[in-house]
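Structure, as structure tokens:
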Amino acid sequence: MKKTSCIIIEDEPLAIEQISDFIAKVPSLILEASFEDAISGLERMKVNQPEILFLDINMDELTGIELLEILPVKSEIIITTAYQEYALKGFELAVTDYLLKPFSFQRFLQAVNRAQNNLEARNSTADFIYIRSEGKLIKLLYDDILFIEGMRDYRRIFTRKKSIMTLQTFGELEKNIPNEIACRVHKSYMISLSKIDEISNNSVIINEKIIPISKTYKKAFFSLVK
């Protein structure tokens, strides 16, 4: 049986111990590493991302929210925190679940099952995604995507034939569209790699649209292009 890889980033040793014990009780999970600070966890995530990330929010130097804003995370993210007020921000960043401490093993299992179901769906051979727009689900082929632009609360997905407005977040779109198909280049833009007409040091051109490349995403973008 293939096991689902997990990492814990949590600054409370007792919380790390509890989550580690919970993971050990589930035969389909394997704990690869745990970190007591977000900076160490961030360095590991840059090199190798797990399938499930258990992430605390309120940590010194770098918070869990800041980590998610800095690094495009493909993992299923399960937030573990004692602070309920971060739930809305977690939703905006497309986290899988939000565990409010102290949480039970049953609640932990619910979050893990949700994450594993998401992973199974993402690992399918589908070449499309369903986009929620105006109360409907619209089938969008990956090959039709040109780029996606953030517009306040909305994301506008541009294709050669039309554009689609959705409230789905960039985090949700990044998680469900394979990185080799489309990637983030700016806080307000996600682009289709196969549709790039021209690349400069700080921008790309797609269908005559000049799209900036920000410092945050530059290294990851150029590694994909190479």
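Every number in this text was worked out from the coordinates using simple rules, so none of it is lab data. Computed from a predicted model, the values in this text were never measured in an experiment. Cβ coordinates were reconstructed from backbone atoms using ideal geometry, including for glycine residues, and neighbour counts include every protein chain displayed.
In terms of distances greater than 22 angstrom between alpha carbons, the cross-link table entries Lys161/Lys218; Lys2/Lys218; Lys46/Lys215 yield Lys161/Lys218; Lys2/Lys218. Here is the list for segment 1-94: GluC sites (Glu not before Pro) lying in DSSP coil, each with at most 12 other C-beta atoms within 10 angstrom of its C-beta, are Glu61. Under a GNM of the chain (C-alpha, springs under 10 Å), which listed residue has the highest mean-square fluctuation: Gln168, Gln116, Gln106? Maximum fluctuation in the GNM of the chain, among the listed residues, is at Gln106.
Residues Val26, Val47, Val204, Val95, arranged from fewest to most other Cβ atoms within 10 angstrom of their Cβ, appear as Val47, Val26, Val204, Val95.
Counting neighbouring Cβ atoms within 10 Å and putting the fewest first, the residues Ser20, Ser104 line up as Ser104, Ser20. As a calculated quantity, the FRET efficiency between Ser223 and Lys187 at R0 = 25 Å, using C-beta atoms, amounts to about 0.85. Around the Cα centre of the chain, unit charges on the Cβ atoms of Lys, Arg, Asp and Glu (plus for the first two, minus for the last two) sum to a dipole of about 1100 debye.
So for Leu31, Leu42, Leu167, fewest C-beta neighbours within 10 Å to most, what's the order? Intermediate values should be presented prior to the final figure.
Details: Leu31 19, Leu42 16, Leu167 11.
Least crowded to most crowded, the residues run Leu167, Leu42, Leu31.
If you run the Gaussian network model on the chain, springs between alpha carbon atoms under 10 Å, then out of Met59, Met165, Met151 the most flexible one is Met151. Under a model in which nothing but the beta-carbon of Lys, Arg (+1) and Asp, Glu (-1) is charged, segment 110-149 shows a dipole of about 260 debye around its Cα centre. Note on the chain: GNM, Cα springs under 10 Å; of Ser200, Ser75, Ser28, the largest mean-square fluctuation is that of Ser200. Each part reduced to its alpha carbon centroid, segment 28-53 and segment 122-200 end up 27 Å apart.
Rounded to the nearest 10 degrees, the angle from helix 13-25 to the longest Cα principal axis of the chain is 80 degrees. In terms of distances greater than 23 angstrom between alpha carbons, the cross-link table entries Lys136/Lys187; Lys139/Lys219; Lys139/Lys175 yield Lys136/Lys187; Lys139/Lys219.
A Cα-only calculation for segment 128-225 places Rg and Dmax at 12.6, 40 Å.
Normalised size of segment 14-104, defined as Cα radius of gyration per 2.2 N^0.38 Å with N residues, equals 1.02.
Could you tell me how many degrees, from 0 to 90 and to the nearest 10, lie between the Cα long axis of helix 38-47 and the main elongation axis, the longest principal axis, of the Cα atoms of the chain? Value to nearest ten degrees: 50.
For segment 123-175, GluC sites (Glu not before Pro) are listed when DSSP marks them as loop and at most 16 other Cβ atoms sit within 10 Å of their Cβ; the list is Glu134.
Relative contact order of the chain, taken over Cα pairs closer than 8 Å and 6 or more residues apart, is 12 percent. Axis angle, to the nearest 10 degrees, between helix 105-122 and the longest C-alpha principal axis of the chain: 30 degrees.
For segment 89-191, the set of trypsin sites (Lys or Arg not before Pro) satisfying both a DSSP loop assignment and a count of at most 16 other C-beta atoms within 10 Å is given as Arg152, Arg160, Lys161, Lys162, Lys187. Would you report the distance distribution of C-alpha pairs in the chain as whole percents per 10 angstrom bin, up to the bin with the largest distance? Spelled out per bin, shortest first, that is 7, 32, 34, 21, 6, 0. Amide H contacts of Ile206: Asp197, Ile211, each under 5 Å away and 5 or more positions distant or on a separate chain (H built 1.01 Å from N in the peptide plane; Pro and chain starts excluded).
Roughly how many debye, to the nearest 20, is the charge dipole of segment 5-135 about its Cα centre, given +1 on each Lys and Arg Cβ, -1 on each Asp and Glu Cβ, and no other charges?
My answer is approximately 560 debye.
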